[in-house]
Amino acid sequence: MPAPSPSAPAIRIDNLVKRYAPAKGARGSMSEGKLALGGVSFDVPEGAIFGLLGPNGAGKSTLINILAGLVNKTAGSVDIWGFDIDRDRRNASRSIGIVPQEIVFDPFFTPFEVLENQAGFYGIPAALRRSEKLLEAVRLADKRDAYARTLSGGMKRRLLVAKAMVHAPPILVLDEPTAGVDVDLRRQLWELVSELNREGVTVVLTTHYLEEAEELCDRIAIINHGRVIADKPTRELVEMAREKIVAVTSAADLAAAPAHEAFGKVEWDGARAIEVTYDKDRLSAGQVLGILQSQGIAIVDVTTREADLEDVFVQLTAAGPDAAG
Ligand code: ADP
Ligand code: MG
């Protein structure tokens, strides 16, 4: 693998713009073409599992395809492992392995042949190939000689991961690896990705599953309409959700829902259960309970709920492109 520039991030994306050419025959005001990326900048730190999160149409695949060399950018610059993709495409490509969103294989090749062909493509001499090892790593050793067309969807995904790792790149990029796959396979893929990361591979994955990004990634950039609206360690992003909820059961039926100017929303089931939503920068759970008790409510049970990434995501995407720094 090529040596990295000292202290450079694994990937640096600076003011990246992509405007697709208008469709043939398009006329009038729409003839400028679709602006898929409107000046995107972020760094992927070496060693991270980095999540690029955004709804369908946000621009994720466009960005990944620029990294892969499949789409030409309109403006901006991209360094992969310290190599500028314009000036040093060859080294940039050798530093990255990409698992595309769409599964495409020649159905008549076996998994072993798929990996050998890819090794040939990179000019890796037979003695240095590691097809068997890679098949083991993605749990496909027993499918070594099966036709690709006989593999399940999950097996094909895993084979694509192995294919992306043939040239032992320091960076692995997966575009929506778990879109439309079942829970078991998702687990398997997460494990595989974590394993590679523990071995030192920097991982970038795109997803529109919040839960996936929250569980797997140490840093997340959120992209919406071709713009980055957040780029933070996962923990900080989750912290950005200000609201917390305290659910309380009172010892006796209440005559009315409690009210206080410091509370956000209060939900009351008409009997003994209350849920108070509050701004955690303003109040603590203890203070909420104190207020309820001062109103004569005898509390017999309490649970609290933290906001999760979904709350943050909804806040950010609802607030528009200028919401976060
Ligand atoms: P995502 O992967 O986040 O779902 P994409 O990068 O695929 O988003 O798409 C971003 C935007 O660019 C969408 O509006 C999409 O319709 C448009 N787009 C994607 N590919 C092309 C293309 N080849 N030609 C024109 N527009 C495209
Ligand atoms: Mg996509």
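Here Lys156 is the anchor, and the lysines within straight C-alpha reach of less than 18 Å, apart from those fewer than 8 places off in the same chain, are Lys133, Lys143. Compared with the dominant Cα axis of the chain, that is its longest principal axis, helix 285-294 is turned about 20°.
Computed from Cα positions, the angle between helix 183-198 and the longest principal axis of the chain comes to roughly 70 degrees. Sticking with the crude label model, points 7 Å out along Cα→Cβ, report the distance from Glu136 to Glu46 in nm, one decimal please. Here the answer is 2.8 nm between the modelled labels. Legend: translational diffusion of the chain by Stokes-Einstein, Rh = Kirkwood radius over C-alpha pairs, 20 °C, 1.002 mPa s; D = 95 µm²/s.
For the stretch 108-153, report the translational diffusion coefficient in µm²/s to the nearest whole number, using Stokes-Einstein at 4 °C, 1.567 mPa s, and a Kirkwood Rh over Cα pairs. Calculated translational D: 120 µm²/s. Between Ile103 and Thr249, the simple spin-label model (points 7 angstrom out along Cα→Cβ) gives 4.6 nm.
Of the residues Phe313, Phe121, the one with the fewest other Cβ atoms within 10 Å heads the list, and the complete ranking is Phe121, Phe313. To make sure I understand the rule: partners must be aspartates and glutamates, Cα under 18 Å from the Cα of Lys265, and not fewer than 8 residues away in the same chain. Which ones qualify? Reachable aspartates and glutamates: Glu243, Glu275, Asp279, Asp281, Glu306, Asp308, Asp311.
Would you please give the FRET efficiency between Arg187 and Arg89, computed as 1/(1 + (r/R0)^6) with r the Cβ-Cβ distance and R0 = 45 Å, to the nearest 0.05?
On the way: r = 36 Å, r/R0 = 0.80.
After rounding to 0.05, the efficiency reads 0.80.
Label sites at Glu306 and Lys280, each approximated as a point 7 angstrom past Cα along Cα to Cβ, lie 0.6 nm apart. Summarising the strand pairing of the chain, around 65 percent of its internal DSSP beta bridges are antiparallel.
Which FRET efficiency value, to the nearest 0.05, do you get for Ala126 and Ala23 by plugging their Cβ-Cβ distance into 1/(1 + (r/R0)^6) with R0 = 56 Å? Mind dumping the intermediate values first?
Working: r = 46 Å, r/R0 = 0.82.
The formula returns an efficiency of 0.75 here.
Residues of the stretch 239-259 falling in the label zone of Gln293, defined by backbone nitrogen less than 16 Å from a point 7 Å along Cα to beta-carbon, are 247-252. Helix 309-319 and the longest principal axis of the Cα set of the chain meet at an angle near 90°.
Taking 8 Å as the Cα distance limit and 6 or more residues as the minimum spacing, I'd like the relative contact order of the chain as a percentage.
Values: 605 pairs, mean separation 60.7, N = 325.
Result for the chain is 19 percent.
No value in this document is a laboratory result; all are computed from the given coordinates. Predicted model, so just to flag it, every value in this text is computed and none were measured. We place every Cβ from the backbone using ideal geometry, glycine too, and count neighbours over all the protein chains shown.
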